[in-house]
Amino acid sequence: AQTVTQSQPEMSVQEAETVTLSCTYDTSENNYYLFWYKQPPSRQMILVIRQEAYKQQNATENRFSVNFQKAAKSFSLKISDSQLGDTAMYFCAFMKTGTASKLTFGTGTRLQVTL
Amino acid sequence: GAVVSQHPSWVICKSGTSVKIECRSLDFQATTMFWYRQFPKQSLMLMATSNEGSKATYEQGVEKDKFLINHASLTLSTLTVTSAHPEDSSFYICSSHGGNSPLHFGNGTRLTVT
């Protein structure tokens, strides 16, 4: 079974600053996907970024980037130039490859962006 | 992009009644639908996996007779909370694959049982 651990229940960052959210996971699989989802107060699940395990290059989406360390089973999210709209819960998630694979979520990190 | 439409977005019902939540895939065939439950300030917990035309697979600890799942077509999966009680009050959310795309989520249903 896979497990996903987010060790930071809450984080705070000032607007325009950079913040890194941590995530570690445990699996015996070699091929899988990793995701970061954002859940604002509306509770809609919004995909922030995804990483295929076979790719060594870290994924980047505008202000969001990841540091994927496969050997260490670490998948941190860096948010640059933080904006007030980034305030939300952030969930790290793991999914095995395959058409019927489920997502396994971490416990989440509540990020507050302040003025 | 692929969209999953979930209805209703919120519902209030009396204890003992049943509530049906629908999830429709709008522009792709959802062979598999995942149903999650989320308590306040907690993560999403998988309840069950439904596959079109077959019985759902429930996670350990989830009562299959209480949470009835039907996936009769490639575009519609339903979750019925039977004989609802206040402890069933929660946020329920569905998701499905679009091929190899990441999971697409519905917008969720906030259930309050009084």
Notebook entry, point to check: Inside segment A:98-115, can you point out the residues that are more than 14 Å from chain B (Cβ to nearest Cβ) and open to solvent by 20 Å² or more (accessible area, probe 1.4 Å)?
Noted result: A:Thr114, A:Leu115
Check: Where residues in segment A:26-51 are more than 10 Å from chain B (Cβ to nearest Cβ) and closer than 15 Å to A:Lys102 by Cα, which of them is surrounded by the most Cβ atoms within 10 Å (Cβ to Cβ)?
Finding: A:Trp36
Notebook entry, point to check: Any idea which of B:Ser5, B:Ser18 is under 28 Å from A:Val4 (Cα atoms), at pLDDT 90 or above and either surrounded by fewer than 19 Cβ atoms within 10 Å (Cβ to Cβ) or among the aliphatic types (A, V, I, L, M) (or both)?
Noted result: B:Ser5
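This table checks each residue for (1) without any contact (Cβ under 8 Å) to a residue 60 or more places away in the chain; (2) under 29 Å from B:Val3 (Cα atoms).
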residue	(1), (2)
A:Pro9	no, no
A:Ser12	no, no
A:Glu15	no, no
A:Asn30	yes, no
A:Pro40	yes, yes
A:Tyr54	yes, yes
Item checked: One residue from B:Ser43, B:Ser25, B:Ser95, B:Ser9 being more than 10 Å from every other protein chain (Cβ to nearest Cβ) and of a type in the set (S, T, N, Q) -> B:Ser25
Margin query: Which of the numbered conditions does A:Gln6 fail, given that it passes all the others? Conditions: (1) open to solvent by 50 Å² or more (accessible area, probe 1.4 Å); (2) closer than 24 Å to B:Phe39 by Cα.
Written below: (1)
Next item on the list: Tally the residues that are surrounded by 15 or more Cβ atoms within 10 Å (Cβ to Cβ) and of a type in the set (S, T, N, Q), restricting the search to segment B:58-74.
Entry: 1
Notebook entry, point to check: Consider A:Asn30 against the criteria (1) modelled with pLDDT of 95 or more; (2) within 14 Å of A:Gln69 (Cα to Cα): it satisfies all of them except one. Which criterion is unmet?
Noted result: (1)
Check: Of all residues in segment A:78-97, how many are within 14 Å of chain B (Cβ to nearest Cβ) and either open to solvent by 40 Å² or more (accessible area, probe 1.4 Å) or among the aromatic types (Phe, Trp, Tyr) (or both)?
Finding: 5
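The values are calculated or read from the model by the stated rules, or taken from the named source; none is laboratory data. Values in this document were obtained by computation on a predicted structure and should not be read as measured data. Neighbour counts run over all protein chains shown; Cβ positions are idealised from the backbone, glycine included. With ligands, DNA and RNA removed, areas are computed over all heavy atoms of the protein, side chains included. Shrake-Rupley method; radii C 1.70, N 1.55, O 1.52, S 1.80 Å.
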